[in-house]
Amino acid sequence: MFQRNDAKHALLGYPAAAGIVAQLCLASAAWSQSPPAATLEKSAFVANAWSALDRDVYEQAGIEWAKRGRHDLAVAWLSEAIMLDPTDSQAYYDRGNSWFLLADYGKAINDYSAEIRIAGDHARSYYQRGLAYEKLGQPEKALVDFQRRLGEAPADLAADSAVARILATLTAKWSNAGLGQIHVIQVASESGDFVVPVVVNGEITLNFIVDSGAADVSIPSDVASTLARTGSLKPADMTGEEAYQLANGSEMFSKTFTLRSLKVGDIVVENVRATIAPPEGRLLLGQTFLKRFNAWSIDNANRLLLLR
């Protein structure tokens, strides 16, 4: 009788069980043609042998076939494992990888989605599913998954590169849609605000809130002091003082100055008017920056700042 442990050892490459594998393969032709389910009627030996195999063996066989580049057979064996245990998230992930390498991206997406559903927020499947969406020409969906991957693994250079690649793709896509040159910048969501990294005067990167309700770009006084100490903000940049009306109707005076440049994404805007806010204020990317563009918008679903 073909024993379960012998089957596992054979399929995992243990030499002691090599003869069993050879007999089984010759009898069923499963190694080169069909998954086990298609060969059960070929002989009583095959029927008895395959009845001893369990999910782990099917799964390991699928993995071995994937290593050998036979992803068609990998899919077949992994499908058997999933039939035996529909909650086997690893088998879904491995089969998704084989579907991907077979260029069946829709089925790959289904399997990656199944692993995410079963295993929870699994970062590796977000990244792989993003690649599949990218192959299908759906960059917006790909971007969301790459961002999720980075949220789980911020140091992942491949995901970081993928985000940059997708942003370039979206820039070209929307610019070619007859809307003029569009710059696409990824933003983060923090406490309900959209935050974007901005290079100030070509020297220091600070995270600004995109705020169309702010008349000017605004920098808290403690940040302005730091910029002054480092030489990024010079006395010659100061332009005076101006009164601003607050929401409660009162007025306050703020010092104004000129930022020599603000770089957001790959676009640089020069000579931007800004004000100094109290220390408890926040960095605001206001209208003196946003109005320098013909149009701008926020893509809430994909967390993108679009500047045209």
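Every number in this text was worked out from the coordinates using simple rules, so none of it is lab data. Values in this document were obtained by computation on a predicted structure and should not be read as measured data. Because the Cβ atoms are built from the backbone with ideal geometry, glycine has one as well, and the counts that use them run over all protein chains shown.
Some points to look at:
- Evaluating 6.51 cos²θ - 1.76 cosθ + 1.60 at θ = phi - 60° for every residue in segment 260-271, the Karplus couplings come out as 5, 7, 10, 10, 10, x, 9, 10, 10, 10, 9, 6 Hz, glycine and proline recorded as x.
- Judged by the mean number of other Cβ atoms found within 10 Å, the most tightly packed of the peptides 299-308, 184-193 leads the ranking 299-308, 184-193.
- Vicinal HN-Hα couplings computed from phi for segment 158-169 (Karplus, 6.51 cos²θ - 1.76 cosθ + 1.60; Hz; Gly/Pro x): 5, 5, 4, 5, 5, 4, 4, 5, 5, 4, 5, 5
- Stretchable slack from ARG282 to ASN110, in nm (0.36 nm times residue separation minus alpha-carbon distance): 57.6 nm
- Reach of LYS67 by Cα under 16 Å, taken over aspartates and glutamates that are not fewer than 8 positions away in the same chain: GLU59, ASP94
- Residue list for segment 180-221, given a label point 7 angstrom along the Cα-to-Cβ vector of ASP299 and an amide N cut-off under 14 Å: 182-188
- Charge sum, other residues only, whose C-beta stays under 10 Å from ARG260's C-beta, Lys/Arg counted +1 and Asp/Glu -1: -2
- Taking a sphere under 11 Å around the Cβ of SER221 and counting the other residues whose Cβ falls inside, with K and R at +1 and D and E at -1, yields a net charge of -1.
- Set of aspartates and glutamates with alpha-carbon distance to LYS255 below 20 Å, sequence-local pairs under 8 removed: ASP211, ASP216, ASP222, ASP237, GLU241, GLU242, GLU270, GLU280
- The label-point distance for ARG55 and LYS135, in a model that sets each label 7 Å from Cα toward Cβ, rounds to 2.6 nm.
- Subtracting the Cα-Cα distance of ASP193 and ALA172 from their residue separation scaled by 0.36 nm leaves 4.9 nm.
- Whole-angstrom Cα spans of segment 185-307 along principal axes, big to small: 39, 36, 27
- Nonlocal amide H pairs with PHE208, under 5 Å, H built at 1.01 Å: VAL196, VAL198
- Selection among PHE257, ASN300, LEU285 by position relative to the dipole of segment 250-308 gives PHE257 as farthest towards the positive end (Cβ unit charges, Cα centre).
- Among 214-224, 155-165, 131-141, sorting by the average number of other beta carbon atoms lying within 10 angstrom of each residue, highest first, gives 214-224, 131-141, 155-165.
- Modelled FRET efficiency - R0 22 Å, ALA119 with ALA155, Cβ distances, 0.05 increments: 0.55
- Gain upon complete extension [MET83, GLU64; 0.36 nm per residue less C-alpha separation]: 5.0 nm
- Environment charge of THR275, counting only residues whose C-beta is closer than 13 Å and scoring Lys/Arg +1, Asp/Glu -1: -2
- R0 of 22 Å, Cβ-Cβ distance ARG165-ASP266: FRET efficiency to nearest 0.05: 0.95
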